[in-house]
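Novice: Can you read through this structure? Questions will come right after.
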Amino acid sequence: MTSGGMFKKLGEILIEDGIISEDQLKESIDAAEEKHLRIGEALIGLGYAAEENVYRGLAQQNDYGFVANEDLLEAKEDVIRLIPEDFAKENNLIAVRNKEGNLVIAMSDPDDIIAVDNLEKLTGEDVTLEFVMASPQGIRRAIDKLYVRIRQQKQTSDVVGELQFFAEADEGEEGMVDMTKAQKDADAPIIKLVNMIISEAMKERATDIHIEPHENSVIVRYRVDGVLIEFMKPPKNAHNGIVARIKIISKLNIAEKRLPQDGRFSIRAKDREVDVRVSILPTVNGEKVVMRLLDKGSFGFSLSTLGFEDKHYKLFKRNIIKPYGMIIVSGPTGSGKSTTLYSSLREIMSTAENITTVEDPVEYHLEGINQVQTKPKIGLTFASSLRSILRQDPDRLLIGEIRDEETADIAVKFSLTGHLVFSTVHANDAASTITRLIDIGVPPFLCGSSVLLVMAQRLVRTICPNCKEPHTPKDTELEYLDLHPGDFEGIQFFQGRGCVHCRDTGYLGRSGIFELLTVSPEIRRLIFENASQDEIAELAKAQGMETLRQHGVDKAKRGITTLAEILRVTTE
């Protein structure tokens with residue numbers, strides 16, 4: 001009963017709380033009578049009240065405490081474990097607190113006598129049960145997320161002992177050096193912790209692991225689908241041990257803590273091999289570690305799976321089958337440039353042609369292609385490799401990155417002497433890629449003569465299919481993208497609500513957005529005249545080039561990604 005002994009109807013409570021209006025209540029009552037529903041079900045079905053608000057009102061009506069959806073997710077794991085997962089799912093309930101000997105249980109219907117009776121038998125006479133209400137959807141979400149976390153911890157503890165570490169051999173050594181037996185150099189708990197951090201990263205499809213020391217804590221974060229997510233907070237006193245263990249398996253100097261260090265090692269786990277690049281940077285709170293994970297397994301992408309539209313695919317394919325010239329892919333680190341180039345090589349691969357790559361590092365192993373990994377320590381640079389490759393009679397050549405004048409000069413000469421050259425450049429868009437090449441040192445007349453196509457690209461997160469729901473874009477999103485609501489008549493946008501499959505992010509996986517600039521005779525003339533990137537971009541758009549932002553908005557219109565994600569990765 002509510003305070004004062006006065007029983008209130010649910011509709012009255014929701015009106016008092018400002019959730020619904022009297023007109024909405026009347027309409028819901030009519031709908032409930034017509035469809036034989038409860039008033040709360042009608043309010044939710046008509047969209048006048050969220051499920052959480054309805055159950056909050058029911059809790060007030062029946063004098064129960066209420067737990068909000070977000071608060072359910074804060075339940076401690078040692079409390080959750082007191083109720084078996086199968087029982088929790090079957091009865092849609094979850095333990096949220098263990099308060100002074102009372103076990104607090106969240107249910108959507110605490111008056112379910114059968115469920116309460118079974119729960120009392122399960123917990124035994126020694127446990128006093130206290131019931132609070134929560135929304136059914138909130139309980140289901142908490143069960144999915146929290147019990148999965150408990151299972152993952154158990155699975156991880158089973159897996160951490162299976163990893164084998166191999167440090168890269170020094171000059172004069174052969175193959176990879178097995179570091180698995182170096183456990184005597186560190187305490188076993190630290191070894192187990194580092195193994196868990198790496199194995200979980202591999203399970204979560206992470207591309208990078210960040211181990212960041214702060215004044216009173218250490219935070220481990222993974223970059224998944226291009227965005228950092230927090231994984232765990234080890235104790236501060238474990239930080240030195242973690243860094244020391246990573247230095248050991250990377251063959252770095254354990255005693256050196258004042259200078260940056262770079263290293264690498266490989267991991268073998270079952271049928272998978274991962275190359276790990278390690279960067280250690282001293283900060284005011286200790287050494288920060290970033291590990292880049294490169295899966296050395298078979299390459300599983302093709303141009304058709306990268307996110308190309310049909311018009312982009314045809315234009316790109318038309319250029320990569322040409323006999324000579326340069327194809328340049330640009331974008332920031334982690335934008336998928338290497339994946340696009342590998343996919344291009346697979347598309348044109350033939351037994352009649354000699355395809356060679358020079359990379360740092362070799363990210364994927366491609367069958368039937370000659371791949372060279374640079375080793376600057378012994379003088380095997382991009383430039384020295386390329387000079388030797390010219391004598392190897394190549395037909396197609398992939399240069400991992402053009403980063404200096406010497407490499408750019410050789411690449412241009414390759415393309416002008418009858419070879420098709422693929423490479424990448426760090427630039428913001430297609431037009432600025434051309435001016436970047438000129439800045440590196442390529443003369444405008446050689447740049448204009450050799451470059452066939454420049455493609456800028458970004459990776460956007462795609463909406464999780466398991467929790468996809470309709471969404472109305474915010475006014476600020478439309479404003480920042482220079483869009484108007486009238487442009488979207490009849491178009492339904494979507495977003496991810498967040499679920500256990502996508503770690504509550506609403507996104508799962510990534511897709512490319514592209515900006516393709518074909519070097520037409522008119523654009524070539526601008527390059528010869530050393531025109532600015534703005535002039536080149538304006539002409540390219542006039543000739544039909546779709547910008548990164550335009551392609552992104554198009555993908556949002558088709559329900560592949562969100563406008564918020566396009567704002568995150570593109571600029572005007």
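The values are calculated or read from the model by the stated rules, or taken from the named source; none is laboratory data. All values derive from a computational prediction rather than experimental measurement. Neighbour counts run over all protein chains shown; Cβ positions are idealised from the backbone, glycine included. Surface areas here come from the heavy atoms of the whole protein model, side chains and all, with no ligands, DNA or RNA. Shrake-Rupley method; radii C 1.70, N 1.55, O 1.52, S 1.80 Å.
Novice: Please work out if PRO136 is within 34 Å of the chain's Cα centre (by Cα), at pLDDT 90 or above and closer than 25 Å to VAL500 by Cβ. Don't jump to the end; show me each part of the working.
Specialist: Details: within 34 Å of the chain's Cα centre (by Cα): yes; at pLDDT 90 or above: yes; closer than 25 Å to VAL500 by Cβ: yes.
Yes; evaluated as a whole, the condition is true for this residue.
Novice: Determine the pairs where a residue that is touching a residue at least 60 places away in the same chain (Cβ under 8 Å), located within the stretch 53-70, has a partner that is of a type in the set (S, T, N, Q) with Cβ atoms under 7 Å apart, the partner being 6 or more residues away or on another chain.
Specialist: If the second residue must be of a type in the set (S, T, N, Q), the pairs left are TYR55/SER108; TYR55/SER135; ASP63/THR2; ASN69/SER135.
Novice: Do we find that GLU34 is at negative phi, open to solvent by 30 Å² or more (accessible area, probe 1.4 Å) and either in contact with a strand residue (DSSP E or B) (Cβ under 7 Å, 6 or more places away or on another chain) or free of Cβ contacts under 8 Å to residues at least 12 places away in the same chain (or both) in this structure?
Specialist: So GLU34 passes the test.
Yes or no, residue by residue, for (1) within 28 Å of the chain's Cα centre (by Cα); (2) closer than 14 Å to THR462 by Cβ; (3) open to solvent by less than 50 Å² (accessible area, probe 1.4 Å):
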residue: HIS501; (1), (2), (3): yes, yes, no
residue: SER511; (1), (2), (3): yes, yes, yes
residue: ILE536; (1), (2), (3): no, no, yes
residue: GLU546; (1), (2), (3): yes, no, yes
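Novice: OK, next. Look at the stretch 417-445 and say how many of its residues are among the hydrophobic types (A, V, I, L, M, F, W, C), surrounded by 21 or more Cβ atoms within 10 Å (Cβ to Cβ) and in a helix (DSSP H, G or I).
Specialist: Qualifying residue count for the region: 4.
Novice: Restricting the search to the stretch 255-271, which residues are closer than 19 Å to PRO282 by Cβ and open to solvent by 80 Å² or more (accessible area, probe 1.4 Å)?
Specialist: Those that are closer than 19 Å to PRO282 by Cβ and open to solvent by 80 Å² or more (accessible area, probe 1.4 Å): ALA255, LYS257, ARG258, LEU259, PRO260, ASP262.
Novice: Looking at (1) within 30 Å of LEU73 (Cα to Cα); (2) open to solvent by 80 Å² or more (accessible area, probe 1.4 Å); (3) in contact with a helix residue (DSSP H, G or I) (Cβ under 7 Å, 6 or more places away or on another chain), find the lone condition where THR562 falls short.
Specialist: Single failed check for THR562: (2).
Novice: Are any residues in the stretch 192-223 outside any helix (DSSP H, G or I) and under 21 Å from LEU459 (Cβ atoms), and if so, which ones?
Specialist: GLU204, ARG205, ALA206, THR207, ASP208, ILE209, HIS210, ARG221, TYR222, ARG223
Novice: Can you name every residue in the stretch 485-510 that is touching a helix residue (DSSP H, G or I) at 6+ places or on another chain (Cβ under 7 Å) and either free of Cβ contacts under 8 Å to residues at least 12 places away in the same chain or assigned to a strand (DSSP E or B) (or both)?
Specialist: Across the stretch 485-510, the qualifying residues are PRO485, PHE493, GLY496, LEU508.
Novice: Could you tell me which residue of the stretch 207-217 is farthest from GLY509 (Cα to Cα), considering only residues that are surrounded by 14 or more Cβ atoms within 10 Å (Cβ to Cβ) and in contact with a Lys or Arg (Cβ under 6 Å, 6 or more places away or on another chain)?
Specialist: GLU212
Novice: Within the stretch 527-550, track down each residue that is of a type outside the set (D, E, K, R), more than 21 Å from ILE320 (Cα to Cα) and touching a residue at least 24 places away in the same chain (Cβ under 8 Å).
Specialist: Here is the first cut: in the stretch 527-550, the residues of a type outside the set (D, E, K, R) are 527-528, 530-533, 536-537, 539-540, 542-545, 547-548, 550.
When the remaining residues are screened for being more than 21 Å from ILE320 (Cα to Cα), the result is 527-528, 530-533, 536-537, 539, 542, 550.
Result: ILE527, PHE528, ASN530, SER532, GLN533, ILE536, ALA537.
Novice: Could you please find all residues in the stretch 402-416 being surrounded by 18 or more Cβ atoms within 10 Å (Cβ to Cβ) and either of a type in the set (A, V, I, L, M, F, W, C) or not in a helix (DSSP H, G or I) (or both)?
Specialist: Of everything in the stretch 402-416, those that are surrounded by 18 or more Cβ atoms within 10 Å (Cβ to Cβ) and either of a type in the set (A, V, I, L, M, F, W, C) or not in a helix (DSSP H, G or I) (or both) turn out to be ILE402, ALA408, ILE410, ALA411, VAL412, PHE414.
Novice: Check ASP295 against each of (1) farther than 19 Å from GLY400 by Cβ; (2) open to solvent by 10 Å² or more (accessible area, probe 1.4 Å); (3) touching a residue at least 24 places away in the same chain (Cβ under 8 Å) and name the one condition it does not meet.
Specialist: (1)
Novice: Name the single residue, out of those in the stretch 446-495 being β-branched (Val, Ile, Thr) and either closer than 30 Å to GLY418 by Cα or crowded, with 21+ Cβ neighbours inside 10 Å (or both), that is farthest from the chain's Cα centre (by Cα).
Specialist: Ranking the qualifying residues of the stretch 446-495, first place goes to VAL451.
Novice: Here's something else I'd like to know. Inspect the stretch 410-423 for any residue being aromatic (Phe, Trp, Tyr) and under 27 Å from ARG264 (Cβ atoms) and give the result as yes or no. Walk me through how you get there before you give the answer.
Specialist: First, the residues of the stretch 410-423 that are aromatic (Phe, Trp, Tyr): 414, 422.
Pick out the ones that are also under 27 Å from ARG264 (Cβ atoms) and you get 422.
For the stretch 410-423, residues aromatic (Phe, Trp, Tyr) and under 27 Å from ARG264 (Cβ atoms): present.
Novice: Hey, another quick one. If I ask for residues that are on the phi > 0 side of the Ramachandran plot and modelled with pLDDT of 85 or more, which ones from the stretch 168-204 would you list?
Specialist: Passing the criteria: none in range.
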